[in-house]
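Comments concern the structure below.
The values are calculated or read from the model by the stated rules, or taken from the named source; none is laboratory data. All values derive from a computational prediction rather than experimental measurement. Glycine gets a Cβ as well: all are built from the backbone with ideal geometry, and neighbour counts include every protein chain shown.
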Amino acid sequence: MNRKSLLAALLVLLTVALPTLAQEKLLTIDDIFDPARRVNFSGTPVNGQWLKDGLHYIVASKDRSASPRLLKVNATTGKSEPFYNAAKMEAAFAALSGIGKETAKRLANQNNYRMNPEETGVLINQANDLFYYEFGSDHAIRLTHNPEEEVGESFSPDGRMVSFARNNNLYVEDIATQREHALTRDGSAKVLNGRLDWVYQEELYGRGNFGAYWWSPDSTRIAFLRIDESPVPDFVVVDHIPYDQNVEISPYPKSGDPNPIVKLGVVNTAGGDVRWVDTYQYPAEDRLIVRVGWFPDGKKIWYQAQNRAQTFLDLNSANPDDGKSSNMFRETSKAWVEVVDEGLRWLKDGSFLWLSDRSGWRAIYHYGGDGKLIKQVTNGDWDVRGLDSVDEAKGSVYFSASEHSFIANHEYSIALDGSGLKRLTPTEGNHRTSFNSTSSHFMDFWNDVNTPTQMRLYDSDGKLVRLVDENKVDALKQYKLGKVEFMNVKTRDGFTMEAMMIKPPDFDPSKKYPVWSYTYSGPQAQTVRDSWGGTRYMWHQMLAQKGYIIWICDNRTASNKGVNSAWPLYKNFGELELRDLEDGYAWLKSQPYVDGSRIGLWGWSYGGFMTSYALTHSQTFKIGIAGGTVADWRNYDSIYTERYMQTPQNNVDGYQKSSPVHFAKDLHGKLLLIHGAIDDNVHMANTVQFLYELQKSGKQVQFMIYPKSRHGVVDPVLVKHMQQMMTDFILGNL
């Protein structure tokens, strides 16, 4: 063979061998979790935000040294330019007293801002004070200057005022004159005006959402909630790390405890007396106000109200002048009714679209402004997952749904009359979309179980305009990862469960492998998804490399296949969930490559409850790891728990049967319990009570407490510690 032929042969060999060698790396804890050495397996996905012109969006530059970080991008051409003059903004903030150079630079180069409706200025909360900056201006304005914090800040619809809550009172301030005035004056430690309390934020309006008020379209009035926590028992959370303990005392209504008393008021933004909406058809102790807004013409308020047990939901209208209220219609079901986030969309003719679970599947309904049903728009044994946009000129509604796949969202269009259903996202995997103001285009944030999020631009007919960001993560190609398989498993009574398996990369069907499984199991909270799973997924891949089969199977009540699939757990947590999970394990054990004597389970929060429940009610599991466990549902908050379980007073047997605490003596297998010491959501008392009963029953378990952590361990150093501990526990016992 001559030299040229030899070189060609070597080149062929290298071409074949290099991809194989490139995928031979094995994952380590450091690769996934070490703050200094971890690999960025998720890449840096773009997250665009449409501007109101519908032609451009803003996006954070991937160059962290860029100034400004925000770029203005022409959606169809991709041409970009700086969104604003960061140097001017930095100088304007640096000129303010008390704002140093580093702070000014940071404020002028943020990834996102709270912009006014015209997108010409921003409202910034810095060190508990509010600042306003008009793009291009030489001056920044300090709106507040006091030691108390301002929360829930927002612009008025006309952009001339800002609103916020301070000391649990609602304020407005004129930007031009910098004059503020209080709209309420009775705020206190127990009375919150325009600000959400813990349980309303956690269970109804969403974490991180502090504001409990809504501007009228003409900026002249504000509707707001007054939340009186006087009847609510306090709960004490103690941080033991400072030499002088830090003691937090917060109102927290456990299931069966009195709830906060909520009222709906309306006040003129110029000041004056509050007009209270007549909600007395709902007794104070049995009243939840779960959504509020204004009719588009600003003449009336709409609000959604429920009874404490959440067995119905009323859509009501109210006159802001005299407070008189009337019912438009009532939602009911055979179990509970859950408020749907963004479930009401007004149309220009005064009618509206409404999301409802009334049939057992979430669908879109078209109502007249008087509350009379016009048409059910979508229909079928699948759920609408989000109402995204409406093009009234075309008569088209755009929404995400599970019609094509129960384990991935897709985007659809349909005519207002219910005809012409069309899937707009043909690619398998999970799609999250964002439409522009004219409904002509949408951003598609796509990922699947193997691929971190990418962004594409489509027109409203589903035609690809351009690939915006492929977000390539070359590091993923270097590691030897197990293949992910999705499958269906039948329960004993025929329900089809979705399941996901990761086999070891060097899987040998003649061998028997132990199983490490993950669960959440809570109502309509699926975990089997054809979507990117981030660090948890990579940790599972690491365990697969170490010789474990990874198994995730959604029990029917967690499947998110219509609320009708969750209704069977009503008044009884744990029993049906475990029965379904056991049916999944029975299928697993029937596979010749599974070692049925070595199955482990882990989960957090509801998954921590489920793990604790499973190890005290079944002999299937050799080990379990339960984090942030709800060990007795009498310990958890009223609004979430009572939705599914009613009150302990009205469901004594259900609470007794659903509590691992009462079955500590039946523990089988080795159990590791983990809890954050200052968890203000699922209090550590849950795990302590469980531990006490385990100790009295002579059961040996392991326990790790994270002193500075709340419901999740988020400090990167502690996350690595926890994941190493969990890994060691698995390797040592399974």
Fill in: Enumeration of residues in segment 593-649 that are assigned to a helix (DSSP H, G or I) and more than 23 Å from the chain's Cα centre (by Cα)
Ser612, Tyr613, Ala614, Leu615, Thr616, His617, Arg634
Worksheet entry | Residue list for segment 483-521, restricted to those being among the β-branched types (Val, Ile, Thr), more than 20 Å from Ala566 (Cβ to Cβ) and in contact (Cβ under 8 Å) with a residue 60 or more places away in the chain | Val515
Item to complete: Search segment 437-464 for residues that are free of Cβ contacts under 8 Å to residues at least 12 places away in the same chain and pair each with any residue that is of a type outside the set (Ser, Thr, Tyr) when their beta-carbon atoms are under 7 Å apart and the residues are at least 6 apart or on different chains.
Response: Leu464/Arg456
Worksheet entry | Of all residues in segment 88-126 being among the β-branched types (Val, Ile, Thr) and over 21 Å from Gly152 (Cβ atoms), the one that is surrounded by the most Cβ atoms within 10 Å (Cβ to Cβ) | Ile99
Worksheet item: Gly654: touching a helix residue (DSSP H, G or I) at 6+ places or on another chain (Cβ under 9 Å) and closer than 24 Å to Met500 by Cβ, yes or no?
Response: no
Item to complete: Would you check which residues across segment 178-200 are closer than 12 Å to Ala165 by Cβ, aliphatic (A, V, I, L, M) and crowded, with 20+ Cβ neighbours inside 10 Å and list them?
Response: Leu183, Leu192, Leu196
Practice prompt. Looking at (1) surrounded by 15 or more Cβ atoms within 10 Å (Cβ to Cβ); (2) out of contact with any Leu (no Cβ under 6 Å at 6 or more places or on another chain), find the lone condition where Asp459 falls short.
Written response: (1)
Discussion item. Test of understanding: among Asp357, Asp314, Asp297, which residue is surrounded by fewer than 16 Cβ atoms within 10 Å (Cβ to Cβ), of a type in the set (Asp, Glu) and at pLDDT 95 or above?
Written reply: Asp297
Worksheet item: When you look at Glu203, is it surrounded by fewer than 15 Cβ atoms within 10 Å (Cβ to Cβ) and in contact (Cβ under 8 Å) with a residue 60 or more places away in the chain, yes or no?
Response: no
Worksheet item: Which residue, of Thr616, Thr687, is among the polar types (S, T, N, Q), at pLDDT 95 or above and touching a Pro at 6+ places or on another chain (Cβ under 6 Å)?
Response: Thr616
Practice prompt. Inspect all residues belonging to segment 38-50 and state whether any of them is in contact with a strand residue (DSSP E or B) (Cβ under 7 Å, 6 or more places away or on another chain), under 16 Å from Thr120 (Cα atoms) and not small (Gly, Ala, Ser).
Written response: yes
Worksheet item: Can you tell me which of Ser517, Ser521, Ser531 is outside any helix (DSSP H, G or I), of a type in the set (Ser, Thr, Tyr) and at positive phi?
Response: Ser521
Worksheet item: If you check Leu588 against the conditions, is it at pLDDT 95 or above, crowded, with 23+ Cβ neighbours inside 10 Å and among the hydrophobic types (A, V, I, L, M, F, W, C)?
Response: no
Worksheet item: When the residues of segment 119-162 are filtered to those that are under 20 Å from Lys105 (Cα atoms) and of a type in the set (S, T, N, Q), which remaining residue is farthest from the chain's Cα centre (by Cα)?
Response: Ser137
Practice prompt. With the checklist (1) part of a helix (DSSP H, G or I); (2) closer than 22 Å to Asp580 by Cα; (3) of a type outside the set (Ser, Thr, Tyr) in hand, flag the one item Leu694 doesn't pass.
Written response: (2)
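Listed here are the residues, each with its yes/no results for (1) loosely packed, with under 14 Cβ neighbours inside 10 Å; (2) over 24 Å from Ile58 (Cβ atoms); (3) touching a Gly at 6+ places or on another chain (Cβ under 7 Å).
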position	(1), (2), (3)
Ala415	no, yes, yes
Ser437	yes, no, yes
Met443	no, no, yes
Pro452	no, no, yes
Asp469	no, no, no
Response to the item:
In the set Pro504, Pro509, the lone residue that is surrounded by fewer than 16 Cβ atoms within 10 Å (Cβ to Cβ) and assigned by TED's automatic domain parsing to the domain that holds Arg643 is Pro509
Worksheet item: Which strands (runs of 3 or more DSSP E) sit wholly inside segment 242-336 and have at least 3 residues that are farther than 24 Å from Gln201 by Cα?
Response: 325-332
Practice prompt. Starting from segment 23-39, keep only residues that are outside the structural domain of Asp715 (by TED's automatic domain parsing), then list their pairs with residues that are surrounded by 14 or more Cβ atoms within 10 Å (Cβ to Cβ) and of a type in the set (Ser, Thr, Tyr) whose Cβ atoms are within a distance under 7 Å, requiring at least 6 positions of separation or different chains.
Written response: Gln23/Tyr479; Lys25/Tyr479; Leu27/Tyr479; Ile29/Thr727; Ile32/Thr535; Phe33/Thr535
Item to complete: Name every residue in segment 540-571 that is of a type outside the set (A, V, I, L, M), more than 21 Å from the chain's Cα centre (by Cα) and closer than 16 Å to Gly600 by Cα, in order of residue number.
Response: His540, Gln541, Lys546, Gly547, Tyr548, Trp551
Worksheet entry | All positions within segment 210-227 that are modelled with pLDDT of 95 or more, part of a loop (DSSP other than H, G, I, E, B) and on the phi < 0 side of the Ramachandran plot | Ala212, Ser216, Pro217, Asp218, Thr220
Worksheet item: If you check every pair at least six apart or on different chains, which have Cβ atoms under 7 Å apart with a residue in segment 146-158 that is under 21 Å from Leu225 (Cα atoms) and touching a residue at least 40 places away in the same chain (Cβ under 8 Å) first and a residue that is surrounded by 15 or more Cβ atoms within 10 Å (Cβ to Cβ) and of a type in the set (Phe, Trp, Tyr) second?
Response: Val151/Phe164; Val151/Phe210; Gly152/Phe164; Gly152/Phe210; Glu153/Phe164; Ser156/Trp215; Pro157/Trp215
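Condition check ((1) in a loop (DSSP other than H, G, I, E, B); (2) among the polar types (S, T, N, Q)) across all residues:
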{"position": "Ser163", "(1), (2)": "no, yes"}
{"position": "Tyr171", "(1), (2)": "no, no"}
{"position": "Glu180", "(1), (2)": "no, no"}
{"position": "Gly187", "(1), (2)": "yes, no"}
{"position": "Val199", "(1), (2)": "no, no"}
{"position": "Leu204", "(1), (2)": "no, no"}
{"position": "Arg207", "(1), (2)": "yes, no"}
Discussion item. Tally up the residues in segment 697-734 that are surrounded by 14 or more Cβ atoms within 10 Å (Cβ to Cβ), aliphatic (A, V, I, L, M) and assigned to a helix (DSSP H, G or I), please.
Written reply: 6
Item to complete: Look through segment 355-365, keep the residues that are within 22 Å of the chain's Cα centre (by Cα) and assigned to a loop (DSSP other than H, G, I, E, B), and return whichever of them is nearest to Val337 (Cα to Cα).
Response: Asp357
Discussion item. When you scan segment 620-628, do you find a residue that is closer than 26 Å to Asp286 by Cα, surrounded by fewer than 22 Cβ atoms within 10 Å (Cβ to Cβ) and among the basic types (Lys, Arg), even just one?
Written reply: no
Fill in: Matching entry among Gln245, Gln178, Gln201 (being touching a Phe, Trp or Tyr at 6+ places or on another chain (Cβ under 8 Å) and either under 21 Å from Arg308 (Cα atoms) or not acidic (Asp, Glu) (or both))
Gln201
Fill in: Evaluation of Leu123 against (1) of a type outside the set (Ser, Thr, Tyr); (2) closer than 21 Å to Asn146 by Cβ; (3) outside any strand (DSSP E or B) (one fails), failing number
(3)
